[in-house]
Each structure stands twice: as C-alpha cells, then as structure tokens.
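Working notes, structure below.
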Amino acid sequence: MPPKPTSVIAIYPGSFDPITNGHLDLIARGVKLVDQLVVAILRNETKQPLFSVDERMAMCRDVLGEFENVTVECFNGLLVNYAAERGATLILRGIRAISDYEYELQMALMNRRLRPDIETVFLMSGEAHSFISSRLVKEIIRLGGNIAGLVPPVVEARLKERFLGEQK
Ligand code: PNS
C-alpha cells in the first residue's frame, strides 16, 4: 500500500462560469477537510463560456481571498492527470440533488478507472444553496430577474455589467 500523504491536497474542478454561492459554500466546508484545496477551472475550448478563463479566475480569487489554503488555477486535458501532477489525492465535487448523481457517479467511476489512486469525495450542497447553478443564474439575469444572494456581490456586479451594461 502506498504511504499516506502527509499533506492532503484536493482539487475542486469545474467550469465556474461564474462562481456561485453554492460553490462558495462547498469550498468553505471542503477546505476544512484538507490541507490545501485547489479550485481548478477547466480550460474547455469546446464550451462557449460567458466569462473567459482569466475573468473566471479573477472572480474566484477575489471571492476566495479570505481562505489561506485555497488556490485558484486552471487546467487542460484529463482532470486525473492534472490532479496527479498537482500532487492531489482527492477530487472534491458537490451534489445538489439526485439529478446530479448519475453524471457525478459516471465521472467518479471513470476517473477511478483512469487513476485508482485518486479518490472522488462528494459533499452535499447546503440546503440553502441546493437550487443554485451558474446556468440558472445567467438565465435569470439575462431575463431581468434578481440574482442577489445567489452569487457573491463582485460576481453579481460583473454579471450586471455583462448583461445590463451597468458599471461596476
Ligand atoms: O462544473 P462542471 O462543468 O460540471 O465540471 C465538469 C468537469 C470540469 C469536472 C469535467 O468536465 C472534467 O473533469 N473535465 C476534464 C476532462 C476530463 O477529465 N474528462 C473525463 C471526465 S471522467
């Protein structure tokens, strides 16, 4: 059996387009379980994101500044390869509802097949956040709805700027 790592690094991967209060809640709880948590933004050229990777990283860094042991990075290619390069032994993911489960199970099992030494750990979303998604937040602001409380204030300002042309 390989020796237990002395410092536990976890990767919290995602699109974060943009980061929501649901992500923040998961990060705040996840970081307590590990020595270092890496919020890793996928540089996915096939998706059409609202914000560039640099913009998403800047927003994440802005809102995660208070956490000493959280870093924000981006990655290309297979998540498990990036996790291994980064010295991580855990992948952290959130589950909001049963509808997330199938997709998450499939990814976790595939990732385990690719690299059995990296475990996926799931945290349940806080009940106050279980209905929040980046996709819905973007839809709501695009259609003129109120997104206060769904995303951090800096992200709300960036979304308003993008959709409503309001200045920061
Ligand atoms: O927040 P998202 O968009 O649901 O995150 C999905 C993400 C980034 C975790 C997933 O698409 C991913 O890990 N992509 C990297 C490529 C990869 O490793 N694919 C195989 C997954 S089994």
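The values are calculated or read from the model by the stated rules, or taken from the named source; none is laboratory data. Computed from a prediction, not measured in an experiment: that's the story for all the values here. Cβ placement follows ideal geometry from the backbone for every residue including glycine, while neighbour counts extend to all protein chains displayed. SASA here: full protein model, heavy atoms, side chains in, ligands and nucleic acids out. Shrake-Rupley method; radii C 1.70, N 1.55, O 1.52, S 1.80 Å.
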Top of Pro13, Pro152, Pro49 by mean-square fluctuation, Gaussian network on the chain, Cα under 10 Å: Pro49
Between helix 53-64 and the chain: long-axis angle, C-alpha atoms, 0 to 90°, nearest 10: 90 degrees
Degrees, to the nearest 10: 21-30 long Cα axis against longest axis of the chain: 30 degrees
Label point distance in nm, Glu102-Leu143, each placed 7 Å from Cα along Cα→Cβ: 2.3 nm
Largest-first principal axis extents, alpha carbons of the chain, Å: 56, 32, 32
Solvent-accessible area per residue for region 9-130 (1.4 angstrom probe, square angstrom): 53 Å²
Tilt relative to the chain, helix 153-164 - C-alpha long axis, 0 to 90 degrees, to 10: 50 degrees
Accessible surface of region 1-86 [probe 1.4 Å, protein heavy atoms]: carbon and sulfur percent: 52 percent
Ordering of 85-92, 156-163 by packing [mean C-beta count within 10 Å, highest first]: 85-92, 156-163
Anisotropy class of region 1-81 from Cα gyration tensor, a/c 1.5 cut: oblate
